[in-house]
Amino acid sequence: EDDFGLYRYGSEDPSSAIDPKPALAALAWLAALGEGAIPAGPSDLDDWHEPTAGRFALAFDRPAGAWLALWTTGEPTSLELPGETRRAYDLAGALGAEPTGGTLSVPVGREPIYLVP
């Protein structure tokens, strides 16, 4: 039960500090990302979305611009996306990759990567 929740309590002493777990920041970031988003189905991103092969690319539309969630259940790999202008973020909202030279190189593994405008 100690692994559940968004906060870590230091002790049974009610005056002790309450420390947020990393899941709190991840939940806040994902909630902001998903605000107003409408699922748009599989993405046609370089034919990446292939569930039978364990590859997933789901698109979401929102007023601030469309974003994608990418992940694989297979071996981690890297996607080279020419012309991609979005940035890649991890589950906690940390910047993972930016386009350079007109191409976005994205490491894709079991944890979702988010391409966000």
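Just wondering, is there one or more residues in the range 47-56 that are among the basic types (Lys, Arg), modelled with pLDDT of 90 or more, in contact with a strand residue (DSSP E or B) (Cβ under 8 Å, 6 or more places away or on another chain) and open to solvent by 50 Å² or more (accessible area, probe 1.4 Å)?
Step one: of the range 47-56, the residues among the basic types (Lys, Arg) are 55.
From what is left, the residues that are modelled with pLDDT of 90 or more are 55.
With the extra rule that they be in contact with a strand residue (DSSP E or B) (Cβ under 8 Å, 6 or more places away or on another chain), the set shrinks to 55.
Now drop any that are not open to solvent by 50 Å² or more (accessible area, probe 1.4 Å), which leaves 55.
Yes, the conditions are met somewhere in the range 47-56.
Answer yes or no as to whether GLU84 is assigned to a loop (DSSP other than H, G, I, E, B) and of a type in the set (Asp, Glu).
Details: assigned to a loop (DSSP other than H, G, I, E, B): yes; of a type in the set (Asp, Glu): yes.
Criteria met by GLU84.
Test PRO20 against the criterion of being at pLDDT below 90 and touching a Phe, Trp or Tyr at 6+ places or on another chain (Cβ under 6 Å), and give yes or no.
Details: at pLDDT below 90: yes; touching a Phe, Trp or Tyr at 6+ places or on another chain (Cβ under 6 Å): yes.
Judged against the criteria, PRO20 is a match.
When both residues are 6+ apart or on different chains and their Cβ atoms are under 9 Å apart, which pairs have a first residue that lies in the range 86-106 and is polar (S, T, N, Q) and at pLDDT 90 or above, and a second that is open to solvent by 50 Å² or more (accessible area, probe 1.4 Å) and part of a strand (DSSP E or B)?
Taking only residues 6 or more apart or on different chains, the pairs are THR103/GLU80; THR103/PRO82; SER105/SER78; SER105/GLU80.
Tell me which residues, restricted to the range 63-93, are open to solvent by less than 50 Å² (accessible area, probe 1.4 Å) and within 21 Å of ALA25 (Cα to Cα). Spell out how you get there, then give the answer.
Initial filter on the range 63-93 (open to solvent by less than 50 Å² (accessible area, probe 1.4 Å)): 65-70, 72, 74, 79, 81, 84, 86, 88-89, 93.
Correct list: TRP67, LEU68, ALA69, LEU70, ALA88, TYR89, GLY93.
Which of the residues spanning the range 95-111 are outside any strand (DSSP E or B) and open to solvent by less than 30 Å² (accessible area, probe 1.4 Å)? Quick ask: steps written out before the conclusion?
Initial filter on the range 95-111 (outside any strand (DSSP E or B)): 98-99, 101-102, 109-111.
GLY109, the sole residue that qualifies.
The values are calculated or read from the model by the stated rules, or taken from the named source; none is laboratory data. Please read all numbers here as calculations on a predicted model, not as lab measurements. All Cβ positions, glycine included, derive from the backbone under ideal geometry; neighbour counts span all protein chains shown. Areas reflect the complete protein model, heavy atoms only, side chains present, ligands, DNA and RNA absent. Shrake-Rupley method; radii C 1.70, N 1.55, O 1.52, S 1.80 Å.
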